[in-house]
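Read-outs: derived from the displayed coordinates by stated rules, not from any lab. Values in this document were obtained by computation on a predicted structure and should not be read as measured data. No Cβ is skipped: glycine too gets one built from the backbone with ideal geometry, and neighbour counts run over all protein chains shown.
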Amino acid sequence: MSTLRTRGLGAATFAVLAVLFVGLTIVFSHAFRGARLDLTQNRLYTLAPGTTRLVSSLQEPVNLYFYFSQQASVAVPPLRAYAGRVRELLEEIAARSGGKIRLHVVDPQPYSDDEDRATELGLKSVPLGNGNEPIWFGLAGSNSTDGHAVIDFFQPDKEEFLEYDVARLIHELATPQRKSVGLLSTLPIAGGFDPASGGMRPPWIIAAQLRELFDLKTIGPEATSLPAGLDALMVVQPKGLSPALSYAIDQYVMGGGHLLLFVDPDSQFETAGGPAAAYAGSDKSSTFEPMLATWGVGFNPREAVGDLEHALLVGNPSGGQPVRHLGFAGLGADSFAKGDVITASLGTINVATPGHLDAHPLAGVTFEPLITTGPESAPLPVERLALAATPDSLRQGFKPTGQRYVIAARLSGSLPSAYPSGPPPGVAPAAAALAKAREPANVVVVADTDLLADMLWVRSGSLYGQRYAEPWANNGDFVLNALDNLTGSADLIGIRGRPTFTRPFTRVDRLRAQADDRLRGQEAELERQLADTERKLGELQSHREDRQSLVLSAEQQRELERFQQEKLRMRKELRGVRRGLDEQIEKLGTTLKLVNVIAMPLVLSLVALGAAVLARRRRRAARGAAA
């Protein structure tokens, strides 16, 4: 009887607990609706502050159409997992927008209107081959003025910049007008009259691309002020600038303006004569003082950098085969900052006699290298470049320092003004002088102007009277990436790259590494014993009188049997090590499952229950105080 009563009591207790669990689940789902808690190490599911500010400040609604082929992607699990993370990010952004972002998830079926619409919007499908349907995996957006923007296909290898790319698309829809970029250059980038030929010279390819993408405003070095409303300023080879213009640029940066600066110790294209005129004896250098020194950047206009590892082939002045020129370098992906959107996706950048930038630590200012040379580099005096009879002569006495030299860098933070006491003598201030940047500055400095020249990155020609250009390096992409980043809002610039969702199993990797070390050690011991046994067998054979006999002697037979037994023992130990590794990994997996299935829900339930009890007590206290 007591047993039945105990069983009935146990069943009743279980039923009460089940009802309580269901009830608490319903209560918590309503009480904490919309609440999110990101417990990942790098807060992967938490939007960057810049993204949150960007979407919460939208004035007009934005429609986002997320296209992903669910059925066609069944055979590609990694892509489906990444698509899930993209959708989660989009849903989080929409939830933080206050209803301004409307997310539409579309699964385009083959030969459907949705597929036609995706094509019209500019999305791209990726064929899988073998008769499988192509996969759509992109994002299209539209605003209230019929503006459109797309991410044609989400590349898994760009996951680090997923949030930046989505935020950039939203920013583009929120500000549909073209950005205004000022171009101040003493090089013939924008084209114009050529005194040498008496005709008009065409603009450099980079200038033509800038005009296509931005509202480009050219500024002469004789100007005394900058055009109003610039979203970014690009300064190339600043030489002979008036004090008024230098002061205007300084105050532009102090006021929150974004600057892309190119200086050079030995510009190959300063005159219309091109590279042949580079060594005519005139000074081809430029610097940007007193600003660079004030901002904590060291730059020596009398010193270039030679890179033995990345030296490019150039024409041989004496004829014959091309030779490598230490001053001309083709820099690859190993020279680019992986965590910055400007350089992360670049493949090759060609530079010519570049200088190098040195960081002089300054409180509140961050110096981030974007492009560096290889380790087989060393400084080269500009005079040596000018006096070198042939490129081969530069290699005589050249000793790499093992150091990577910074060719391009990003400056950010609270930059000080180069004119803390106000404008230089004779310059009338247009507004109150700023001694420090009003907001975190963003400046990109490049110690080479030649990378802008057509010859170093593009093949151009004329076909049926139309000029065409075929890039063979990413110099133009670097410039456009930099301006695209700098012309974005401060919130957009602050997002940049973040850690990926892919997390290595560090504990498992460590266990495997330890097991591998043990395996390698035991395998090495086994091989040593094998060699030792073979040596002994050889010695026994050499001391035998009947060396031609194939039959082993009794001593050889005993030695061989001993080795075989030792070999079996070692192999058994190796299997034990591997089996022990598998058991440790399985044990770790079981522990993680228990934590995920039991411990974490229990902890969260207790936290939620405690929060509910605390809230209830506060309400009672408030009612008591009111009474």
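Structure above, values below:
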quantity	calculated
Largest to smallest principal axis extent of the C-alpha atoms in the stretch 361-484, angstrom	52, 50, 31
√(5λ) per eigenvalue of the Cα gyration tensor, the stretch 49-173, largest first, Å	26, 16, 11
Length added when fully stretched, Ala612-Asp215, from 0.36 nm per residue minus Cα-Cα	137.3 nm
Distant-in-sequence amide H partners of Arg324 (H built 1.01 Å from N, under 5 Å)	Val314
Sites matching chymotrypsin sites (Phe, Trp or Tyr not before Pro) across the stretch 47-138 that sit in DSSP coil, with at most 14 neighbouring C-beta atoms within 10 Å	Tyr111
13 Å tail of the calculated P(r), the stretch 117-193, as % of Cα pairs	75
Trypsin sites (Lys or Arg not before Pro) lying in DSSP loop within the stretch 75-134, provided at most 15 other Cβ fall within 10 Å	Lys124
Per-pair calculated FRET efficiency, R0 = 25 Å: Arg324 and Lys158 via Cβ, rounded to 0.05	0.15
